[in-house]
Amino acid sequence: MDLPLSPPFALRGRLLTPLDDGGTTYQPDGLLVVDGSGQIAFAGPAGARTGAASEAIDLRPWILLPGMVDLHAHLPQLPNAGLGAGLDLLTWLERYIFPLERDFDAATAERLAPAAWRAFASAGTTTAMVYGAVYEASLDATFRAAEAHGIRAIVGKVMMDRGTYDPTIDPKVILDQSLTESAALIDRWHGADDGRLRYAVTPRFAITCTADLLRESAALAAATGAYWQTHVSEDRGEIAEVARLFPDSIDYVDVYDRAGGLGERTVLAHAVHLSDRELGRLVETGTRVAHCPVSNLFLASGMMPLGRYLDAGLGLGLGSDVAGGPDLSIFTVMRTGFYVQNARRVAGVEEGRILAPLDWLRLGSLGGAQALGLGEVIGSLEAGKDADVIAVDPAFTAPVPGVEDDESADIASRMIFRSHPDMVRAAWVRGRRLEGPGSRG
């Protein structure tokens with residue numbers, strides 16, 4: 001099948017999307033019209049635009065969905081996905097991750113980053129917020145690969161001054177050097193291609209950062225309009241070490257609060273073990289959270305009380321957390337998150353709202369977009385938004401050939417609980433097709 005490479009075009013398929021107003025729409029015979037600028041001109045029933053429908057590329061019974069949003073992943077770690085099961089977070093970092101990132105120089109990034117972006121797109125992810133390594137040149141290579149591929153990417157150079165795997169940096173100048181390099185990357189890449197590429201100032205987490213680095217990095221993000229991303233409250237051993245290193249802080253969230261790091265442009269990964277005070281402070285400041293249930297189980301870090309957080313009004317989306325999570329697919333993240341909520345229900349400790357399949361689909365698309373402040377631009381298939389779209393072939397999720405679902409909740413449930421690595425057949429960002437999906441058959 002010849003699929004469009006660039007706008008304008010029209011696609012006919014089974015259209016399923018969350019809506020900005022809080023609802024969901026499903027059109028068994030839907031039409032998506034993309035204009036020459038790569039924006040959605042129409043998304044609705046094919047019968048409402050009979051002329052356009054007759055000229056559209058007919059993908060039925062494929063399902064048209066908004067592209068998935070991955071709020072947390074580590075691009076240099078992708079080669080180690082699936083390794084280190086059973087280790088705690090800090091041991092896993094020392095044994096599997098820091099040695100890998102130490103070798104993520106510019107040459108490695110030039111080789112790995114293009115394949116990584118293709119892998120994200122193959123999983124149905126059209127927007128990815130990722131961590132790089134500590135090397136400025138490797139970040140330039142990573143951005144160049146994203147620029148060429150077409151994915152919507154938010155990337156940051158990891159900042160570490162309490163402990164670093166880069167032996168070439170003089171400890172006496174590491175803070176200034178990291179800030180200078182981050183500022184230079186922001187100048188080159190933040191807002192590139194009319195905002196498709198953006199920068200996230202990225203202190204790794206409190207254990208590897210001094211209070212000075214946290215404060216100065218937060219100030220840099222605020223001054224430039226960049227995002228600020230780091231980790232919080234992932235593992236109880238990590239939390240104890242943060243308490244030891246920052247004895248004057250009330251708790252883990254307070255470490256970042258004192259640094260000026262909280263706010264609507266901040267995405268904190270994990271947040272598994274928040275106290276009521278910490279949760280309230282994140283909600284109060286509009287700070288966003290990346291929920292990463294797969295990696296939380298893979299490293300035995302804990303099970304987030306998601307219902308409690310949602311009822312409190314916390315803004316969050318989903319993250320694969322590769323390589324802590326062994327799979328880039330946000331559909332896998334949805335499935336594991338559902339199982340975590342059920343496990344907490346069985347244990348009698350889950351509080352608040354239980355998410356159904358359509359809720360998880362919203363969280364993985366529009367929820368992630370809203371967490372990034374991009375809900376008016378992406379996250380749903382609605383007129384006026386950018387055409388960040390994926391096409392899913394339900395033949396890959398059917399339990400036996402010929403089984404088809406007609407209800408939106410059933411369709412979402414199949415994609416979540418019977419997700420298949422080849423089910424995403426195509427992906428577009430701003431109406432431009434991404435390399436990756438469909439390459440395996």
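Could you give each residue of the stretch 183-191 its phi-based ³J(HN,Hα) in whole Hz, using Karplus coefficients 6.51, -1.76, 1.60 with θ = phi - 60°, and x for Gly or Pro?
5, 5, 5, 4, 4, 7, 10, 5, x
Kindly state, to the nearest 0.05, the FRET efficiency for Arg162 paired with Asp187, given R0 = 22 Å and r defined as their beta-carbon distance.
Rounded to the nearest 0.05, the efficiency is 0.25.
Quick check on packing: order 296-308, 80-92 by the mean number of other C-beta atoms within 10 Å, highest mean leading.
For the peptides 296-308, 80-92, the packing ranking is 296-308, 80-92.
Quick one: Cα convex hull volume of the stretch 68-371, Å³ per residue?
Taking only Cα atoms, the stretch 68-371 has a hull volume of 114 Å³ per residue.
Rounded to the nearest Å, what's the spacing between the alpha carbon centres of the stretch 38-61 and the stretch 160-221? Just the number, please.
Going from one Cα centre to the other spans 45 Å.
Which distance in Å, rounded to a whole number, links the C-alpha centroids of the stretch 389-441 and the stretch 226-251?
If we compute the Cα centre of each part, the gap is 38 Å.
Might you report the magnitude of the Cβ-based charge dipole of the chain about its Cα centre, with Lys and Arg at +1 and Asp and Glu at -1, to the nearest 20 debye?
Roughly 500 debye, rounded to the nearest 20.
Got a sec? Which residues in the stretch 115-155 would a label at Leu83 touch, if it sits 7 Å along Cα→Cβ and we count backbone N under 17 Å?
What the label zone holds, given the 17 Å backbone N cut-off, is 116, 133.
Against the longest principal axis of the chain, how steep is helix 236-245, in degrees 0 to 90 to the nearest 10, with axes from Cα atoms?
Helix 236-245 sits at roughly 40 degrees to that axis.
Karplus couplings for the stretch 312-329 from phi (6.51 cos²θ - 1.76 cosθ + 1.60, θ = phi - 60°), rounded to Hz, Gly and Pro as x?
For the stretch 312-329, the Karplus curve yields 7, x, 6, x, 8, x, 10, x, 6, 6, 4, 9, x, x, x, 9, 6, 5 Hz.
Counting helices only, and only those DSSP H runs with n ≥ 4, report the 222 nm mean residue ellipticity of the chain as the sum of -39,500 (n - 2.57) divided by its residues, in deg cm²/dmol to the nearest 500.
-10000 deg cm²/dmol
Name the GluC sites (Glu not before Pro) in the stretch 363-434 that are in a loop by DSSP and that have at most 16 other C-beta atoms within 10 Å, would you?
Glu376, Glu404, Glu407
Between helix 211-224 and the chain, what is the angle of the helix's C-alpha long axis to the longest principal axis, kept within 0 to 90° and rounded to the nearest 10?
Value to nearest ten degrees: 40.
How far, in degrees from 0 to 90, does helix 408-417 lean away from the longest principal axis of the Cα atoms of the chain, to the nearest 10?
Value to nearest ten degrees: 50.
Take every Cα pair under 8 Å in the chain that's 6+ residues apart, average their separations, divide by the length, and report that relative contact order as a whole percent.
Relative contact order comes out at 21 percent.
From a point 7 Å beyond the Cα of Thr50 in the direction of its Cβ, which residues of the stretch 1-39 have a backbone N at a distance under 17 Å?
29-31
Give, in nm to one decimal, the length gained when the segment between Asp276 and Ala219 is fully stretched (0.36 nm per residue of separation minus the Cα-Cα distance).
17.8 nm
Return the percentage of antiparallel bridges among DSSP beta bridges fully within the stretch 68-371, rounded to the nearest 5 %.
5
State, as an integer percentage, the relative contact order of the stretch 338-385 based on alpha-carbon contacts under 8 Å between residues 6 or more apart.
About 23 percent, as a whole number.
Can you tell me, using C-alpha contacts under 8 Å and at least 6 residues apart, the relative contact order of the stretch 359-432 as a whole percent?
Contact order relative to length: 32 percent.
How far is it, in nm, from the label point at Thr285 to the one at Arg60 when both lie 7 Å from their Cα along the line to the Cβ?
Rounded to a tenth, the inter-label distance reads 5.1 nm.
Can you tell me which of 285-294, 57-66 comes out highest on packing, and rank the rest after it, using the mean Cβ neighbours within 10 Å?
285-294, 57-66
Every number in this text was worked out from the coordinates using simple rules, so none of it is lab data. Nothing here was measured: the structure is a model prediction, and the numbers come from that model. Don't worry about glycine lacking a Cβ; one is built from the backbone with ideal geometry, like all the others, and counts go over all protein chains shown.
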